Each structure stands twice: as structure tokens, then as C-alpha cells.
1. So is Leu91 modelled with pLDDT under 90 and outside any loop (DSSP other than H, G, I, E, B) or not?
2. Would you pick out the residues in the stretch 69-80 that are open to solvent by 10 Å² or more (accessible area, probe 1.4 Å) and either outside any loop (DSSP other than H, G, I, E, B) or among the hydrophobic types (A, V, I, L, M, F, W, C) (or both)?
3. In the stretch 20-52, what residues are open to solvent by 10 Å² or more (accessible area, probe 1.4 Å), part of a helix (DSSP H, G or I) and free of Cβ contacts under 8 Å to residues at least 60 places away in the same chain?
4. Could we say that Ala17 is touching a strand residue (DSSP E or B) at 6+ places or on another chain (Cβ under 7 Å) and either assigned to a helix (DSSP H, G or I) or within 30 Å of Ile337 (Cβ to Cβ) (or both) here?
5. Kindly list, by first and then second residue, each pair from a residue in the stretch 258-274 that is open to solvent by 60 Å² or more (accessible area, probe 1.4 Å) to a residue that is among the hydrophobic types (A, V, I, L, M, F, W, C) and assigned to a helix (DSSP H, G or I), limited to pairs with Cβ atoms under 7 Å and residues at least 6 apart or on different chains.
6. Working only within the stretch 152-167, note down all residues that are open to solvent by 10 Å² or more (accessible area, probe 1.4 Å) and assigned to a loop (DSSP other than H, G, I, E, B).
7. Tally up the residues in the stretch 168-217 that are in a strand (DSSP E or B) and either modelled with pLDDT of 90 or more or crowded, with 18+ Cβ neighbours inside 10 Å (or both), please.
8. Checking Val117 against (1) closer than 22 Å to Pro65 by Cα; (2) assigned to a loop (DSSP other than H, G, I, E, B), only one condition comes out false. Which one?
Amino acid sequence: MSFASLGLSDVLVRAVAATGYTNPTPVQTQAIPAVLEKRDLMVAAQTGTGKTAGFALPILEHLFPAGKPDASFKRTGKQVRVLVLTPTRELAAQVHESFVTYAKELPMKSACVFGGVGANPQMKAIAPGLDVLVACPGRLLDLVGQRAVDLSKVEVLVLDEADRMLDMGFVHDVKKVIAKLPTKRQSLLFSATFSRDIIELANKLLDNPARIEVTPPNTTVERIEQTVYRVAAGHKRALVAHLITQGAWEQVLVFTRTKHGANRLAEYLDKNGLPAAAIHGNKSQGARTKALADFKANKLRILVATDIAARGLDIDQLPHVINFELPNVSEDYVHRIGRTGRAGRSGGAVSLVSPDEEKLLKAIERMTRQKIEEGSLEGFVPPAVAELNSDRPERPRGSAGANNSRGRNNGGAVGKAGGRGQNQARSDRPRNDKPRNDRPRHEQPRAARGLHEPLDAVAEERRIQSHGNRAVVPPPPAPLANRGNPPRGGRPQREKPALFGR
């Protein structure tokens, strides 16, 4: 079957052929005719199956019948004909790029809006009116509030990666956007799975939709070779570097659970001669865009990402994906490894599992209904403990300059017991003739443990700076009259006058 046989015009067929595709995928074969019939549609298909072209191509055919502008439509300021909602900035940019690619011979007006960048250029792009607007819900609501966009004439609404939007808490924003749209419209919902929440949303949003389910629910692509390595959490970074180096992997996408973990892993790999960069929610949009562009262009060998990049990103011919940490939600495992093995190609997915992640691994295997093969760690030498802690400088104990409030009276030279300072009591001397160093440390008197003596050259230098080369002489004994109640600070007190003539 060809794209022309699905009802697409020659202009679109040529545009698709220019991208290197000649035959439609299963999801495209079923979705394109349904969209051209102007039916509502709900589609469940894994990432990498061609979902974007499944709705972009028939939408362009609707906007430009036979490759020509619709004569019945007149574009007016700020109005939008087609609205596509996506959960992440990267996915929005990618979907918009697909529309531009397929419409290169068409007079399409389009824009892409999301947060993290200035709103003024986006408002200017919308001002003349658009055929297609691709947007993230948050920024779109901001523009609606500023009356920079008019959604009252939207003809087609697309919810891409709808399950991800629900997971990220965008359901309320999506409902607010839908309230701004006309009741009579065509609605298309695309999701990786048909969960209960997705079905409830579809029942409220769609009108007698055609239902397409290309792959069995919650299964992983068979072309992806999956491997698991059981390893201590502290050895994971070294194992990632080992696998990439030994396998000579030239392009690797690594997923971490946290933003801080992504930064640390990228820095570690970069320091070990493996060019890497991290993308996550705390990175600026410019940094995220540049890192992703460099990775796609093979200028960057390793991209470390949180789950913000787990869905929708189309990285052409990505051969390897590594789960540095397993996701907390089992379904996210499918979306992560779906970055490889796209469009019928093969790929490899590696997961590093520490003992505390065994329950997550079992949940993933139950969901995918398969046992993941365990890899061999032969040839991998775990780093020494000192190397693991090399990025955590420890404060020296008992050394000069240690931040110990109890040691301030002794210039910080004596660690824990420095509060006794140079004025150590004479009663701390050994009470027997047995050599002090031959006894256990806890039995040695404090003076025998050196608490009144500097322990190193730095402390001795401090003592000399404070007292000169002279020895530190203990203060003279207090007068007999004051010995029962020694005065504060060692200062002598005046004798009190006798009372009643005593």
C-alpha cells in the first residue's frame, strides 16, 4: 500500500517520499483514512510507529485539498484553524517541524509556542492568523489570557501523548483550553496506551470516535534487545562508561530519575573522555534545544535526560538507550526504550538495577509479560571506595583548621578534645609506671593521648605565632583565700572586708 492510495494528494506524497518513506506504517494506514473522513479518533500506539504523520498528513490534506488553499476559508487575525497540544517543549518543536517538512510545497502558516522563552515573538507569529498552532497548554493559556490568540474558530484539535499530559498534571489546563474551543470540531487523541484515565477523557472529549489500537497494550517492541545488569548503586556511573567504551557506542541516550542525577552523570562521563550533556526541566530552553540538536547531529555522543525526553522525541536511528535508574512508573519503561528501534529498525536497551530496584524490575516484567535477559559483568572492574567518594571531600578529623568549636582554645590543633587548650591540668599525667602507649587508647589518661600537645607541624606553627618561641607556662596558683572558689578567667579578687569586726 502507498500513501497515494490512502487519499493524499501528490504534493504530500512527494513530501513524504523526500523524507525517505514510501510505504505507510500500520497506524498511518488506519488513521489517515479516518481523519480524512472527518471522524473523531482515538489511537493507541507505541512511540516510533509514525503517529505524527498519521495526523499531520490528513490534516494538511484537509487544509489544502489537492494541494491548493481552501477557497472557502479566509484567514483573519489571531485565529487558528488547527490546534495541536503536546506535553513537552521538545515534542512541540518536533511536531511543528514535521508539519513544516510535509508542507514545504504548501502555503501553510504555522507557529510553535511553549514556555521558557520570550512570548513576544510568539505573539507576533500568531497575530496574522495561523493554519496550524502547536502548543504546550501552559503557555497557550497565558496567550489566551493576554488575548493574543483566538481559539473560537478551531476546526481540528489534536491531543498528542495524551497519557503523558495526564501524568504531568496538565488535565486541568487541557480542560480550560477545550472550554475555549467551538463545540463543533474534529478531535483526535493519540496515546501510548488506553488507560482508564485516557478512556474517561476520550468519552468526554470525543464524539463516536474510531478506535485504533495498533499494538497490544503495555508491550515492548520485539526488535529492541533488552538487557539488565545487576550492580551496586555506587558502581553505576563506572558501568555506564565501561559499556559505552567497550561496546564503542557512538550515540547513547541515558535516562535518570532526577535532575541532579542527570547533571552528575553527564559531568562524570565528560571528565572521563565521553562527551555528554544533560537535559531536564531546570535547564534553560536554549541549552535543552542546543543539546538535543547536537545529539541528533552526532556532535554529542551521550545525552543524559530525565523523563522529560522519554516521550515523542524522534531521534533518527538511535541505537542504544540506557536506564541508569528504573522509572517509578512501569509504563515509562516502555516509552523510554521506545526511543530506539523506531520505524522498523533494531535497537538495544540496557537497564542498570541496584538491589533496591528489584521490585521495580519485577513490576516491569509483569507489565511487559516477558523476562528481561541478564547481562554479564565480565571485564568490569568496580571502582575503589576512595574513587567513589572522590567527589565528596571529607573534612579532616583532628587536623589544624578543622571546623570544631571545641578545639578553638587550642588553635584547632587537637580536634575533639581541643577545648582543654594549652592549660591542661597536671593531674592528667600518667599515674603508674607502665608506658602510656602500651595501654589501650581508652585507658590512657588524656594527657597521655596528647590532648595538651600539638599533633602536627601546622598546629605547632600556630602555637608559635600565638606565644612566640617561649614555652607556654601555666598561670600561677590562685591565692589561698580564693582556692575554694576559683575566680572566672583566673583574675584575682579583692578580699572582702571583715564583717562585725572580724
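1. Judged against the criteria, Leu91 is a match.
2. Ala71, Phe73, Gln79, listed by residue number.
3. Gln28, Thr29, Pro33, Leu36 - these are the residues of the stretch 20-52 that are open to solvent by 10 Å² or more (accessible area, probe 1.4 Å), part of a helix (DSSP H, G or I) and free of Cβ contacts under 8 Å to residues at least 60 places away in the same chain.
4. no
5. Going by the 7 Å Cβ cut-off, the qualifying pairs are Asn272/Ala241.
6. Passing the criteria: Ser152, Lys153, Glu155.
7. Within the stretch 168-217, residues that are in a strand (DSSP E or B) and either modelled with pLDDT of 90 or more or crowded, with 18+ Cβ neighbours inside 10 Å (or both) number 9.
8. The single condition Val117 does not satisfy is (1).
The values are calculated or read from the model by the stated rules, or taken from the named source; none is laboratory data. The shown structure was predicted, so the numbers you read here are calculated from the model rather than taken from an experiment. FYI the Cβ positions are ideal-geometry reconstructions off the backbone, even for glycines, and counts take in every protein chain you see. Only protein heavy atoms, including side chains, enter the accessible area calculation; ligands, DNA and RNA are left aside. Shrake-Rupley method; radii C 1.70, N 1.55, O 1.52, S 1.80 Å.
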